[in-house]
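Worksheet: the structure to be examined is printed underneath.
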Amino acid sequence: MDPRTQRLSLSLPKMAVFTLPDAHEVDIECTRGAVWITLDHDRRDIVLEPGERFRSDSHRRALVAALEPSCVRFSAAALSVAARPAPAERSPWRLWAHGMTPA
C-alpha cells in the first residue's frame, strides 16, 4: 500500500453508526463483525463481513452501521501537498479529502 495512504480503524459497538461525509474512493473494510453501508440516494444496501471491502465511485455520504460488535478500517489516498490544510489545521487522524475525523 502507498505510504501516502491515510487510514482510520474504528471499533463499533452493535447498532453504532459512523457517518462518512464523502465516501468517494474511500476503501471501507470490515475486519471483524458485520457492517451495513448505505449511501445517500443509492438503492443498494451493502453488507460487509470480515475480509470484505467496499469502495464508492461517487461523492455521496455513507452511513456505516454495525450489525454486531465490529471493527472497520477506512483508507484513502492523501491529497497532494498543495491541497492539504496548513500545518496548524492538520490532524494526524484526518482523511483530508473526505472530512473524516474521530468523534
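Just for region 1-44: of the residues that are in contact with a Ser or Thr (Cβ under 8 Å, 6 or more places away or on another chain) and of a type in the set (Asp, Glu), which one is most open to solvent (accessible area, probe 1.4 Å)? That would be GLU25. For beta carbons closer than 6 Å, sequence separation of 6+ or different chains, a first residue in region 29-53 that is over 15 Å from CYS71 (Cβ atoms) and a second that is among the basic types (Lys, Arg), the qualifying pairs are LEU39/ARG60; ASP40/ARG60; ASP40/ARG61. Of all residues in region 68-81, those being touching a strand residue (DSSP E or B) at 6+ places or on another chain (Cβ under 7 Å) and either more than 22 Å from LYS14 (Cβ to Cβ) or open to solvent by 80 Å² or more (accessible area, probe 1.4 Å) (or both) number 5.
The values are calculated or read from the model by the stated rules, or taken from the named source; none is laboratory data. Small disclaimer: the values here were computed from a predicted structure and weren't measured. All Cβ positions, even for glycine, are placed from backbone atoms using ideal geometry, and neighbour counts span all protein chains on display. The accessibility values were calculated without ligands, DNA or RNA, using every heavy atom of the protein model including side chains. Shrake-Rupley method; radii C 1.70, N 1.55, O 1.52, S 1.80 Å.
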